[in-house]
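**Q** After the structure tokens below, expect a handful of questions from me.
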Amino acid sequence: SGACVYKRALNGLTYDLAGKTADGSPFYKAKGVEEYIYHDADCDGAGANALSLWVLDDSKPNTTATSDLDGDGKCTYHARLDST
């Protein structure tokens, strides 16, 4: 169980609380590697039909942005969990 073969390096990572984003949501960083878990209210920053979700990503979230916290203008990440 866990991540697919392509993403197997994600299996077994341990995350610590690393701070809060602009909306007050916590974000977490994996020990020893640049992998993060954070909530993004609008993952591509487009606004229309915003998809609010928790993401597992290798980009550190921008703690002053309110949307598209990885700044890529897309919804690109390792994994997600939809949020309401």
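**Q** Please verify whether residue 77 is among the hydroxyl-bearing types (Ser, Thr, Tyr) and assigned to a strand (DSSP E or B), treating the condition exactly as stated. Reasoning before the result, please.
**A** Working: among the hydroxyl-bearing types (Ser, Thr, Tyr): yes; assigned to a strand (DSSP E or B): no.
Considered against the rule, which asks whether it is among the hydroxyl-bearing types (Ser, Thr, Tyr) and assigned to a strand (DSSP E or B), residue 77 comes out as no.
**Q** If you check 83, 25, 67, 59, which single one turns out to be loosely packed, with under 14 Cβ neighbours inside 10 Å and of a type in the set (Gly, Ala, Ser)?
**A** 83
**Q** Just to verify a result, which residue in region 6-53, among those that are at pLDDT below 85, on the phi < 0 side of the Ramachandran plot and not small (Gly, Ala, Ser), is farthest from the chain's Cα centre (by Cα)?
**A** Here the answer is 6.
**Q** Additional query: Identify the residue in region 1-15 that is part of a helix (DSSP H, G or I) and more than 11 Å from residue 35 (Cβ to Cβ) and, among all such residues, is most open to solvent (accessible area, probe 1.4 Å).
**A** Only one residue fits best here, namely 6.
The values are calculated or read from the model by the stated rules, or taken from the named source; none is laboratory data. Because the structure is a prediction, the values reported are computed rather than measured. Heads up, the Cβs are rebuilt from the backbone with ideal geometry, glycines too, and the neighbour counts pull from every protein chain shown. These area figures cover heavy atoms from the full protein model, side chains too; ligands, DNA and RNA do not enter into them. Shrake-Rupley method; radii C 1.70, N 1.55, O 1.52, S 1.80 Å.
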